[in-house]
Each structure stands twice: as structure tokens, then as C-alpha cells.
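The values are calculated or read from the model by the stated rules, or taken from the named source; none is laboratory data. Predicted model, so just to flag it, every value in this text is computed and none were measured. Virtual Cβ from ideal backbone geometry, glycine too; neighbours counted across all protein chains shown. Keep in mind that these areas ignore ligands, DNA and RNA; they rest on the heavy atoms of the full protein, side chains included. Shrake-Rupley method; radii C 1.70, N 1.55, O 1.52, S 1.80 Å.
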Amino acid sequence: MDAITVGVLALQGDFAEHIAMLRGLGVAAVEVRLPAQLAGLDALIIPGGESTTITRLLDIYALREPVRRLGEEGLPIWGTCAGAIVLAKQASDLDRPNLALMDIDVRRNAFGRQVDSFEEDLEVAGFGAPPFHAVFIRAPIIAGVGPGVDVLARLGDGTIVAAREGTLLATSFHPELTGDARFHRLLVGIAEARRRERAAGRRAAPA
Ligand code: GLN
């Protein structure tokens, strides 16, 4: 199997930290700024930053429709913080359309000003010990999830902060900032599984 290639949307925000994490895992990582750079990707990360800026730039660079289509076709996509807002079917306070791919309802800046940045250790489904040290920076919450969505992590008060729907992942926090690569490995594992499924599908298809 060729090496997995993960694109990181590099319009705004902390894409460089994601690229460094991926390269640390030995995964090929490329910055995506133009539609042509989406070709051949096995997965895409939408980083944290400012969701209003990222959605604006998605339109300016004509990326919104091609990324949405790839997501619908099953490309694994992971949104962190602002990226989760960009990925969500429902998001509060956006002044333009986002990708509307993942069946989650996200509330921007839901922790308010006083506590808009904090850290918490989370139990993440499937990760085991130790807990995942999560950094929240003016983070959104996932206020609701659709029936096909698995909740991966909650805060102590029950607030959902990580979820998965098939090949789509959303985290309210920033795993690219703490050196714990388990979410990055999860995304790569989803991409590898999709590769295998597609190869098996091609072999099974009549000649
Ligand atoms: N508050 C930002 C937004 O609403 C998200 C912050 C972040 O990505 N750290 O887009």
C-alpha cells in the first residue's frame, strides 16, 4: 500500500501544528489552499482558527463545493475546534454557508469569555489509558448529535466535545497542540481502512 497522504486545509489557523504532528507519525502531510491540491488525498484535516474566516476563504478559493463533495463520497475529514464548526450540519453564528457535512449541532464560543480557554483530561472512547489532555481555546461545544453519530468524549459535566460519524471526526479541542497523536492516528486508521475497502471493492467488481 502506498503511504497515506493527509491534506491539511491551510487557509487560516494552526495548520502547521497538524502538519508537524502528521510528519512525526511518518505520514505524508500536504498543505491545501487550492482545489487541485485535493487530488489524491486519503484524508483531510480542517484546523482550528476562526470559522468565519475559514468559511469566507473556502468560498474565495472555490474549495467549499469540492471539499463537500469529497466528504460526501467518504473522504475522511477531521475538524478541530473552528474546523468542527466548518464541518457541522448545524452551527450557530456563521455569516455564510459552511460544509454542512457532519450531523452535529455546534455552538460557537459556548464557554463564554471568562472561561473561554481551559484544559481538561478526557476519557476518549477507544483510547484507553491515559486520559487525553485536551486544550480548549474559545472552543465550541457539540450541543447535539444525529442518530448516526458516535460520541467519543464528554467533559465532566456531560458536554460533548468529540464525535465521529463514519469517516468524519470532530473535536472541540486541539490535539495538535499537546503532542498526543492518538486522534491523528485514529484519522490515519480510518483512511487506511477506507483504502482497503476501496481496493477490495475494485477486486470484487466484474472485469
Ligand atoms: N472561536 C473560534 C470560532 O468560533 C474557534 C476557536 C478555535 O478554533 N480555537 O471559529
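Look at the dipole of the chain built from charges on Cβ: of Gly189, Phe118, Gly40, the Cα furthest out on the positive end belongs to Gly40. Computed about the Cα centre, the dipole magnitude for the chain is approximately 620 debye when only Lys and Arg (+1) and Asp and Glu (-1) carry charge, each at its Cβ. Compactness of the chain was expressed as the Cα radius of gyration divided by 2.2 N^0.38 Å, which yields 0.97. Maximal additional length on extending the Val151-Ser117 stretch stands at 10.0 nm, based on 0.36 nm per residue less the C-alpha distance. For the chain, the fraction of 1.4 Å probe accessible surface lying on carbon and sulfur atoms is 50 percent. Between Val30 and Gln90, the modelled labels are 3.7 nm apart [label points 7 Å from Cα along Cα→Cβ].
Both radii were evaluated on the Cα set of the range 1-40; the Rg over Rh quotient, with Rh as the Kirkwood radius, amounts to 0.97. P(r) tail, the range 28-89: Cα-Cα pairs separated by more than 19 Å, 21% of all pairs. Computed over protein heavy atoms with a 1.4 Å probe, the accessible surface of the range 112-153 works out to 55 Å² per residue. How much length, in nm to one decimal, is gained on full extension between Asp105 and Thr178, taken as 0.36 nm per residue of separation minus their Cα-Cα distance? That pair, Asp105 and Thr178, stretches by 23.7 nm at full extension. Using Cβ point charges alone (K and R +1, D and E -1), the dipole size of the range 45-137 about the Cα centre works out to roughly 340 debye. For the range 179-196 versus the range 1-68, the spacing of their alpha-carbon centroids is 15 Å. Taking 0.36 nm per residue of separation and subtracting the current Cα-Cα distance, fully stretching the chain between Arg196 and Arg138 would add 17.1 nm.
All Cα-Cα distances of the range 67-179, cut into 5 Å bins from zero to the largest, leave 2, 13, 24, 25, 19, 11, 4, 1, 0 percent in each bin in turn. Only DSSP H runs of four or more residues enter the estimate; each adds -39500 (n - 2.57), and after division by the residues of the chain the mean residue ellipticity at 222 nm equals -8500 deg cm²/dmol.
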